[in-house]
Amino acid sequence: MSAGPPTYSIRTFGCQMNEHDSERMAGMLEAGGYTRSQDPEDASVLVFNTCCIRENADSRLYGNLGHAKRIKDERPGMRIVVGGCLAQKDRHAIQRRAPWVDVVLGTHNLASLPRLLEESQRGAAFEILEQTEVFPSALPARRSSPWHAWVSISIGCNNACTFCIVPAVRGKEVSRRGHEIVEEVESLVADGVVEITLLGQNVNSYGRDLGGTPLFAELLRALDKVDGLERIRFTSPHPKDFRADTVAAMAECNSVCEHIHLPLQAGSDRVLKVMKRAYTRARYLDKARMVRAAIPGVAITTDIIVGFPGETEDDFDATLEVVREVRYDAAYTFQYSPRPGTVAAGLPGHLPKAVVQRRYDRLTELQEEISLEQNQATVGRTHEVLVEGPSKKDPSKLTGRTRTNKLVHFHGDEPDFSDGSLCDVAVDRAHPHFLEGHLARGGTRSRRVSLPVVGAARGCAPGA
Ligand code: 5AD
Ligand code: SF4
């Protein structure tokens, strides 16, 4: 092992909840004297924060663990940690398939990481709990962005969508007290944060376990009052719990962005019923109409699963119809992946891969067309953009996001322009996944936050 202070590297798989948890693991390691390694191959501690929502997430982990073993063979002092959802679900499989792993911890005991690392000096330390010990937000964080923060408002999920493994690995829903959330956000803003994303498997049932009624709309209103907070995002609301009070709060609160991620999963009533989604296509469409009517220019995005067991051509056509009707700005599309232990995995009618692939291709082709059309409608308009840093494709440009969560690459000719600034960008060209534009004259609303940004993630949303 290299001389000097111990170092760590964390590789995060899956959703934003895992990004949030990884920031907590990094915070605890830094509080314990570790520094972040520039190169994962040199780290004293290599952490994999895992996901198990789809099958390929498993196989990728074992590939990575094989590579980590080769590094460890050369540097026997290094330690390998596996945390997150796959660890929670498959502790014994990890022990069997990757016995060189030093620490395994689950989704309920992030706080034990320092202790388990200590114990691993005397032999492998594996610990999985069934209930959360410490709400992860209470742990120290090392955020990857100076201007954006993930804020967890609840953990776990009380729903029982038949395809989904999340309730098995994240447990029952537990909401955090509202005043704790507001206090965290106030201190984040004092630290330079201008945008937060509230995280929960089902944000719309937030607070039901605290006082009996959902409190999400009130939470939005309370956070909107935090001075200096420019943007509030949240993910994911479950369509069955997404109601007029939340839409009203979204419309009222200036800092709540004009974007809603409303997971559809399927457009056929028959499939929705077998999925146990607790809404019909008509009710879903009502909610989409309600949000469009209340919030001009709102962007709607979604998650869709193709090839659920027993899905017929007619069922799939119903999904395409909803896509055409809602006109999503973007969709995360998934091929159904059987998760052992879920109800759907035991259903008859699993479809051949070729059928699923054909449907998936048709869906993504349709969605690309619609995304392009939705983006074309922004051309010639000026949007407020939060700058994320230089564009990865063309470093002479800047990249940022509109309030509607659209990625924009633009020429920024302001000399002191930096990540975390807000500015107005005129959109010149549209593509299915991004926009191009230029800084609107006199449009800079610079709020300078000067630390560098390290890979803020915007992957698939947690749950719902
Ligand atoms: N197969 C495919 N996609 C799934 N998702 C959840 N479980 C599965 C599964 N078994 C998708 C859903 C969810 C998103 C986070 O992942 O669309 O909203
Ligand atoms: Fe819960 Fe979302 Fe999974 Fe349904 S899809 S069980 S709401 S996490």
Qualifying residue in the stretch 135-157 (condition: β-branched (Val, Ile, Thr) and away from ligand 2 (no atom under 16 Å from the Cβ)): yes
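When you look at Ala217, is it surrounded by fewer than 20 Cβ atoms within 10 Å (Cβ to Cβ) and more than 15 Å from the chain's Cα centre (by Cα), yes or no?
On the way: surrounded by fewer than 20 Cβ atoms within 10 Å (Cβ to Cβ): no; more than 15 Å from the chain's Cα centre (by Cα): yes.
Spelling it out, it is not the case that Ala217 is surrounded by fewer than 20 Cβ atoms within 10 Å (Cβ to Cβ) and more than 15 Å from the chain's Cα centre (by Cα).
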Residue in the stretch 212-221 that is part of a helix (DSSP H, G or I) and within 16 Å of ligand 2 (Cβ to nearest atom) present: yes
Among (1) within 16 Å of ligand 2 (Cβ to nearest atom); (2) hydroxyl-bearing (Ser, Thr, Tyr); (3) more than 21 Å from Thr235 (Cβ to Cβ) - the single one Thr378 does not satisfy: (1)
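Name the residue, out of Asn159, Asn204, that is in a loop (DSSP other than H, G, I, E, B) and in contact (Cβ under 8 Å) with a residue 12 or more places away in the chain. Don't jump to the end; show me each part of the working.
On the way: Asn204 fails: in a loop (DSSP other than H, G, I, E, B).
Result: Asn159 is the single residue among Asn159, Asn204 that is in a loop (DSSP other than H, G, I, E, B) and in contact (Cβ under 8 Å) with a residue 12 or more places away in the chain.
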Test: residue in the stretch 256-278 that is more than 23 Å from Asn158 (Cα to Cα) and assigned to a helix (DSSP H, G or I): no
Some residue of the stretch 74-90 being out of contact with any Ser or Thr (no Cβ under 9 Å at 6 or more places or on another chain) and at pLDDT 95 or above: yes
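What number of residues within the stretch 76-94 are loosely packed, with under 14 Cβ neighbours inside 10 Å and either of a type in the set (S, T, N, Q) or part of a loop (DSSP other than H, G, I, E, B) (or both)?
2
If you check Leu46, Leu61, which single one turns out to be aliphatic (A, V, I, L, M), touching a residue at least 40 places away in the same chain (Cβ under 8 Å) and crowded, with 21+ Cβ neighbours inside 10 Å?
Details: Leu46 fails: touching a residue at least 40 places away in the same chain (Cβ under 8 Å).
Unique residue meeting the criteria: Leu61.
The values are calculated or read from the model by the stated rules, or taken from the named source; none is laboratory data. All values reported here derive from a predicted model rather than from experimental measurement. In this analysis, Cβ positions are derived from the backbone assuming ideal geometry, glycine residues included, and neighbour counts consider all displayed protein chains.
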